[in-house]
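Any read-out appearing in this document is the output of simple, stated calculations on the displayed coordinates, not a laboratory observation. As the structure is a prediction and not an experimental result, all values here were calculated from the model. Note: ideal-geometry Cβ built from the backbone for every residue, glycine included; neighbour counts use all protein chains shown.
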Amino acid sequence: MLDLVPTIVPALVPMDINITPNDDGLPGIAALRTIVGAVMTVALILSVLALLISAIVWGFGSNSSNPHLASRGKVGVLVSCAAAIITGGAVTLINFFWNVGGTIS
């Protein structure tokens, strides 16, 4: 019975499938890239705005001896910086994981 396993298993494995992304598969890909770029720009602008507001809150909290307000400002500064890092590195992160996924065989 164990002698049949090596002959059956290769028959169950599907044929090699090679699918890669293409730029002309759907209409509007160029417009979609433009929209994604605009959304990334808006996200970076909002990150800067959040950083400014959080720094102001942090300053008010520190100067008014309000530790709760100061800690909320600190958290806001960290979150806005993290959002900017993720937004700026989104394309690089996706390309990295796409290449890692392509090495799986």
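Quick notes on this one:
- Springs between Cα atoms under 10 Å define the GNM used for the chain, and in it the highest mean-square fluctuation of 17, 29, 53 occurs at 17.
- Taking Rg and Dmax of the Cα atoms in Å as calculated from this structure, the corresponding entry among (1) 16.1, 56; (2) 24.8, 80; (3) 15.5, 49 is (2).
- Principal-axis analysis of the Cα atoms of the chain puts helix 90-102 at an angle of about 20° to the longest axis.
- Spin-label model, residue 20 to residue 104: label points 7 Å out along the Cα-to-beta-carbon direction sit 2.0 nm apart.
- Crossing angle, helix 29-63 versus the chain [Cα axis fit, 0-90 degrees, rounded to tens]: 40 degrees
- A Gaussian network model of the chain, with springs between Cα atoms under 10 Å, assigns the largest mean-square fluctuation among 59, 25, 89 to 25.
- Degrees between helix 67-88 axis and first principal axis of the chain (Cα, 0 to 90, nearest 10): 40 degrees
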